[in-house]
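A short write-up of the structure that comes next.
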2 protein chains.
Amino acid sequence: MTEIETILASQQFKAAAAVLKADHDRFVDDIITLTEIPSPPFGEEKRALAYEAMFNALGLEDVGRDGIGNVTGLRRGRGNGGLTVVAAHLDTVFPEGTDCTVRREGTKLFAPGVGDDTRGLAVLLAFIRALDAANIETESDLLFVGDVGEEGKGDLRGVRHLFTENAYRDRITAFFTMDGISLDRLVTGAVGSRRYHISFTGPGGHSLAAFGTVNPAHALAHVVTGLSQTEVPENPRTTYCASVLGGGTSINAIPNAVWLEVDLRSEDAGALEDLDATLHWLIAEAVAAENQRGNTESGVIAAKAELIGNRPAGRTAEDSRIVTATTAALQAFGFKAEPEFSSTDANIAMSLGIPAVCVGTGGDGGRAHSLEEWIDVEPENSVRGLTAGLAAILGTAGLWNS
Amino acid sequence: MTEIETILASQQFKAAAAVLKADHDRFVDDIITLTEIPSPPFGEEKRALAYEAMFNALGLEDVGRDGIGNVTGLRRGRGNGGLTVVAAHLDTVFPEGTDCTVRREGTKLFAPGVGDDTRGLAVLLAFIRALDAANIETESDLLFVGDVGEEGKGDLRGVRHLFTENAYRDRITAFFTMDGISLDRLVTGAVGSRRYHISFTGPGGHSLAAFGTVNPAHALAHVVTGLSQTEVPENPRTTYCASVLGGGTSINAIPNAVWLEVDLRSEDAGALEDLDATLHWLIAEAVAAENQRGNTESGVIAAKAELIGNRPAGRTAEDSRIVTATTAALQAFGFKAEPEFSSTDANIAMSLGIPAVCVGTGGDGGRAHSLEEWIDVEPENSVRGLTAGLAAILGTAGLWNS
């Protein structure tokens, strides 16, 4: 019998699974309660306070909020196997003032953020209750984390802090983030990204009177064209995107300033570095070329690339315990668990070489990041996902068998 | 004696000049009155109504507003010499809601639009009073015009209408626009311009998932780079400017749409046509190149160039009566009257081969198009400019000597 088969066959796991099932209404209540506490980007505090209170109510040890706002709570294991983090993110993509009231239709819940990642936050609570009710002891300690800043400009700042500043940072041996819905795919690779806001400035001037003066739009165009001609590997998948641009004030004026936002991504840290270097080289080349081409009597073109997003690439080895255990656990419950690359809280762990996966939270859902976001908490399917997730964690953290 | 010398020596002209001097306070009052009636782009009606009333009060014939909003009033001559237009523009660059209250400090007046071109409007009124008081008859009829739409996106629509739709359109034999301050320069050439808003569209898509899909920003960059490499003649002066650009919605998305505004100018109609053709060729090339380079499964790049400004080039012959008479008149009063090209209401006349100049309104001033715009109405210098301008008109329209 494999380790996962042993776990699934154990009385303890069966008891925990029964609790997940019996307790499902409470799990749904937790989703609703947490969803209705808005948690906009850089404004997660209110939800964090509520989540901290829930951790305390469940009896976790050492509950608190760290320097960046992550909520953490410890569930001690036998002390034999390091520390396994089980995380979900507190933040949503929705700005302050968004109506987060949950509308229920049958087994469907509609609300901004209800699935991404509020269901994930409730999953952690369900796990804790099931583990406790079943008196399960794990080999490694479990650190439950509701982290801030996963979405967009949050730039993974919560998990970044966890691995660089938090008191537990050096003890973490495995990292789960419960995010997304489907368990048919298992995130074992981190697509890294670098995002830049590039400003090009120059002296400007009247379109007629100052004709010939260097124009920062020319430098911007040089960078965009250069990027479009850049060869990138298909495998590891590596991409660039000239996404957003703007600048200039009047049709009859050479612009003083224009700007460009660029998104660079790769499954491979080295390929991302190479692409990043190419972009910086293109910027320098563009500035030099325009200062060479045009008149610089009133001033020169300059460029400044501001890093506005930085998510490291990485991957977890296929034969690592977290991947083999999670794959086996998910497949045991009928999920495909096909490995994929994505950009999640697991990026940071993967980039540091700490085994990590991102596991779906189960059930069904859609329209994430839109006001029409929904999840389906139809119990059978929902509980199947929860149970598979718990099995994956136990397969990784180890179930101590008295 | 030259014709101008004859005019300047005449009792009639001396009488008119004396009126310009004696009447200067009223001229200043007119400037203040008209400046304080806001006249934003495409919102000249209120000032036009007041100006129409002033034309009526001065006894001009056939006073009215034409189909586009120009105020016109006729002062008949001897009927021997066609129709000389003397125009100033009603519109300012300042948007609705701008405080146009005039602040006076000594001989200086401060207010948005006070010089450009409200002083010009008052100059016409001063001319009419002086001509009447001196009982001057001109050879040609004089049509006084307060025109709309000279500035920016107004795109010379008032004067364009005057020459294409107005009932007087076929009778005009000479065209003066009183605009700008200095009489040391005399606008005898029209810098033509074509202004485009170019939209580039494509299917868009996720920066990672849809990588390789055609990107409209690449086409935009191709056009900007191509334009920056375009050879244009120095003489006739011909210029281009990639002025304003924008587009894209999110750093992690290939944009659906980006846009670019381009200003093309030339002193020569043919050179402007050539440059315009180059721009259109570049746009077509950019679209084709990006559709060739990228993946077009979800859609193709398309571009649309919308003409948002169109001012024809042209020039008035150096030996035309309007140029020789005006130059002589201005120089007789100590002004340099150096010929220059500019973009003014005179563009339309020049492009149609109708002799035209743009003459400064005199006095001193600065900061036009800014909220700190000012003029100096110190009487001696101010009256010198007015008198020179009137001499130029009489030299062109002909002073009938009984």
Answer yes if at least one residue in segment B:37-51 is of a type in the set (Asp, Glu) and buried (at least 18 other Cβ atoms within 10 Å of the Cβ), and no otherwise.
-> yes
Scanning segment B:135-176 for residues that are assigned to a helix (DSSP H, G or I) and closer than 14 Å to B:Gly43 by Cα gives B:Gly152, B:Lys153, B:Gly154, B:Arg157, B:Gly158
On the given criteria, is A:Val300 at negative phi and either in the same structural domain as A:Gly120 (by TED's automatic domain parsing) or not in a loop (DSSP other than H, G, I, E, B) (or both)?
-> no
Scan segment B:38-93 for residues that are aromatic (Phe, Trp, Tyr) and touching a strand residue (DSSP E or B) at 6+ places or on another chain (Cβ under 8 Å) and jot them down.
-> B:Tyr51, B:Phe55
Output the number of the condition that B:Ile375 fails; it satisfies all remaining conditions of (1) open to solvent by 20 Å² or more (accessible area, probe 1.4 Å); (2) in a strand (DSSP E or B); (3) aliphatic (A, V, I, L, M).
-> (1)
Might you let me know whether segment B:78-98 holds any residue that is in contact with a helix residue (DSSP H, G or I) (Cβ under 8 Å, 6 or more places away or on another chain), assigned by TED's automatic domain parsing to the domain that holds B:Phe176, under 24 Å from B:Arg321 (Cα atoms) and open to solvent by 10 Å² or more (accessible area, probe 1.4 Å)?
-> yes
Extreme residue, surrounded by the fewest Cβ atoms within 10 Å (Cβ to Cβ), among residues of segment A:337-351 that are away from chain B (no Cβ under 14 Å) and over 23 Å from A:Asp91 (Cα atoms) | A:Glu338
Please state which one of B:Gly334, B:Gly363 is crowded, with 24+ Cβ neighbours inside 10 Å, in contact with a Lys or Arg (Cβ under 8 Å, 6 or more places away or on another chain) and in the same structural domain as B:Arg171 (by TED's automatic domain parsing).
-> B:Gly363
Filter segment B:182-194 down to residues that are in a strand (DSSP E or B) and over 28 Å from B:Glu261 (Cβ atoms) and give me whichever is least open to solvent (accessible area, probe 1.4 Å).
-> B:Leu186
Within segment A:254-263, can you find the residues that are within 22 Å of A:Trp281 (Cα to Cα) and within 9 Å of chain B (Cβ to nearest Cβ)?
-> A:Val258, A:Leu260, A:Glu261, A:Val262, A:Asp263
Residues of segment A:211-233 being open to solvent by 20 Å² or more (accessible area, probe 1.4 Å) and facing chain B (nearest Cβ under 9 Å), in sequence order, are A:Phe211, A:Gly212, A:His222, A:Thr225, A:Gln229, A:Val232
Scan (1) open to solvent by 40 Å² or more (accessible area, probe 1.4 Å); (2) more than 14 Å from chain A (Cβ to nearest Cβ); (3) under 16 Å from B:Arg195 (Cα atoms); (4) not polar (S, T, N, Q) for the single condition B:Pro355 breaks and write down its number.
-> (3)
Does B:His197 fit the bill of being at the interface with another protein chain (Cβ under 9 Å from one of its Cβ atoms) and open to solvent by 30 Å² or more (accessible area, probe 1.4 Å)?
-> yes
Using the structure shown, decide if A:Gly64 is open to solvent by less than 40 Å² (accessible area, probe 1.4 Å) and touching a residue at least 12 places away in the same chain (Cβ under 8 Å).
-> yes
Residues (under 22 Å from A:Trp281 (Cβ atoms) and either assigned to a loop (DSSP other than H, G, I, E, B) or more than 7 Å from chain B (Cβ to nearest Cβ) (or both)) located in segment A:238-248 | A:Thr238, A:Tyr240
Checking B:Ile301, B:Ile251 in turn, the sole residue that is of a type in the set (A, V, I, L, M) and either within 9 Å of another protein chain (Cβ to nearest Cβ) or open to solvent by 40 Å² or more (accessible area, probe 1.4 Å) (or both) turns out to be B:Ile251
What about B:Thr101, is it assigned to a loop (DSSP other than H, G, I, E, B) and open to solvent by 20 Å² or more (accessible area, probe 1.4 Å)?
-> yes
With criteria (1) more than 20 Å from A:Leu220 (Cβ to Cβ); (2) under 33 Å from the mean Cα position of the chain (by Cα); (3) small (Gly, Ala, Ser), B:Ala288 comes up short on (2)
Could you check, for segment A:48-69, whether at least one of its residues is in a loop (DSSP other than H, G, I, E, B) and either outside the structural domain of A:Phe163 (by TED's automatic domain parsing) or more than 28 Å from the chain's Cα centre (by Cα) (or both)?
-> no
Read through the list (1) within 14 Å of another protein chain (Cβ to nearest Cβ); (2) out of contact with any His (no Cβ under 8 Å at 6 or more places or on another chain); (3) open to solvent by 50 Å² or more (accessible area, probe 1.4 Å), then give the number of the only condition that A:Gly309 fails.
-> (3)
Residues of segment A:254-285 being in contact with a strand residue (DSSP E or B) (Cβ under 9 Å, 6 or more places away or on another chain) and open to solvent by 50 Å² or more (accessible area, probe 1.4 Å), which ones?
-> A:Asn256, A:Trp259, A:Asp268, A:Ala269, A:Glu273, A:Asp274, A:His280, A:Ala284
When segment B:318-333 is examined, which residues are found to be in contact with a helix residue (DSSP H, G or I) (Cβ under 7 Å, 6 or more places away or on another chain) and assigned to a loop (DSSP other than H, G, I, E, B)?
-> B:Phe333
May I ask you to list the residues in segment B:257-285 that are more than 20 Å from A:His206 (Cα to Cα), in contact with a His (Cβ under 8 Å, 6 or more places away or on another chain) and not in a helix (DSSP H, G or I)?
-> B:Trp259
Could you say whether any residue in segment A:383-402 is over 30 Å from A:Ser320 (Cα atoms), open to solvent by 10 Å² or more (accessible area, probe 1.4 Å) and touching a strand residue (DSSP E or B) at 6+ places or on another chain (Cβ under 8 Å)?
-> no
Could you please give the count of residues in segment B:134-154 that are open to solvent by 30 Å² or more (accessible area, probe 1.4 Å) and within 14 Å of another protein chain (Cβ to nearest Cβ)?
-> 2
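The values are calculated or read from the model by the stated rules, or taken from the named source; none is laboratory data. Please read these numbers as outputs of a predicted model, since none were measured by experiment. No Cβ is skipped: glycine too gets one built from the backbone with ideal geometry, and neighbour counts run over all protein chains shown. Accessible surface is based on the protein model in full, side chains and every heavy atom, while ligands, DNA and RNA are left aside. Shrake-Rupley method; radii C 1.70, N 1.55, O 1.52, S 1.80 Å.
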